[in-house]
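To keep things clear, I will list the structure first and then write my remarks on it.
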Amino acid sequence: MSKEKKQIYIKEMTDQFDKSEAVIVAHYQGLTVKQLDELRKKMREHGIQFKITKNRITKLALEKTKCKELSKFFTGPTAVALSSDAITSAKILTNFSKENSHLKILGGIMGGDILDVAGVKNVATLPSLDEARAKIVGILRSPAQKIASILLAPASKIAILALEKSKK
């Protein structure tokens, strides 16, 4: 790689690290090209960028970002997942690593918090934004349904009583 290309790569990676809310680092050694393509496809469907990185140059890019503590993970065959949704990227990588033992999650960063492997797996167990919204709507809706059924119950009982009386 020429010096100019390296500088462009460093600038692009610096921008991507700064823009991403979540960065997860993993080793991919042993995965086939087909498996990597399958993982990339799953990530792309959710707007997550999965890149195989050049460690030395990526460490230079990390120096100027909020993710500089991640540089310790960049040894060996390293890939990085960059996204605005930490939960979805953690879920996809965790599920994929369960199916393919060659993918090893090393750690990551979410917002300003550094995550180890256990932290990434804990984030993967959290509900996604849409799931959380659905639960909140369900919680807010259930009291209203209960109140409506309580208020309607006496009227329905009176109607049933009146119907029974009219049959006699």
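What follows is calculated from the coordinates using simple rules that are stated; it is not laboratory data. Keep in mind that this is a model prediction, so the values were computed, not measured. In this analysis, Cβ positions are derived from the backbone assuming ideal geometry, glycine residues included, and neighbour counts consider all displayed protein chains.
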* To do: Using only the Cα atoms, work out Rg/Rh for the chain, with Rh taken as the Kirkwood radius, to two decimals.
  => 1.35
* For the residue pair Asp37 and Gln7, what label-to-label distance in nm results when each label sits 7 Å from Cα along the Cα-to-beta-carbon direction? -> 3.6 nm
* Structure fact -> Rounded to whole angstroms and listed largest first, the alpha-carbon spread of the range 45-91 along its three principal axes comes to 29, 22, 14
* Determine, for each peptide in 70-80, 133-143, 33-43, the mean count of other beta carbons within 10 angstrom over its residues, then list the peptides with the highest first. => 70-80, 33-43, 133-143
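With each run of n ≥ 4 DSSP H residues scored as -39500 (n - 2.57), what mean residue ellipticity at 222 nm is computed for the chain after dividing by its residue count and rounding to the nearest 500 deg cm²/dmol?
Values: 6 runs with 100 residues, N = 168.
Computed ellipticity for the chain at 222 nm equals -20000 deg cm²/dmol.
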* **Dipole magnitude (debye, nearest 20) for the range 12-95, charges at Cβ of Lys, Arg, Asp, Glu** => 220 debye
* Projected onto the charge dipole of the chain (+1 at Lys/Arg Cβ, -1 at Asp/Glu Cβ, origin at the Cα centre), which of His27, Phe74, Ser97 gives the Cα projection farthest towards the positive end? -> Ser97
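Mind sorting Phe17, Phe96 by how few other Cβ atoms lie within 10 Å of their own Cβ, fewest first?
Phe96, Phe17
Using Cβ contacts closer than 10 Å as the measure, can you line up Ser89, Ser101 from fewest to most? Write down the numbers at each step before the final one.
Numbers: Ser89 29, Ser101 9.
Listing Ser89, Ser101 from fewest to most nearby Cβ atoms yields Ser101, Ser89.
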* To do: About the Cα centre of the chain, how large is the charge dipole given +1 on each Lys and Arg Cβ and -1 on each Asp and Glu Cβ? Please answer in debye to the nearest 20.
  => 360 debye
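Count the net charge of all other residues whose Cβ sits under 12 Å from the Cβ of Val123, scoring Lys and Arg as +1 and Asp and Glu as -1.
Numbers: positive: Lys91, Lys121; negative: Glu21, Asp85, Asp113, Asp116.
Charge balance in the 12 Å sphere: -2.
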* Could you work out how far the C-alpha centroid of the range 49-81 sits from that of the range 1-38, in angstrom? => 7 Å
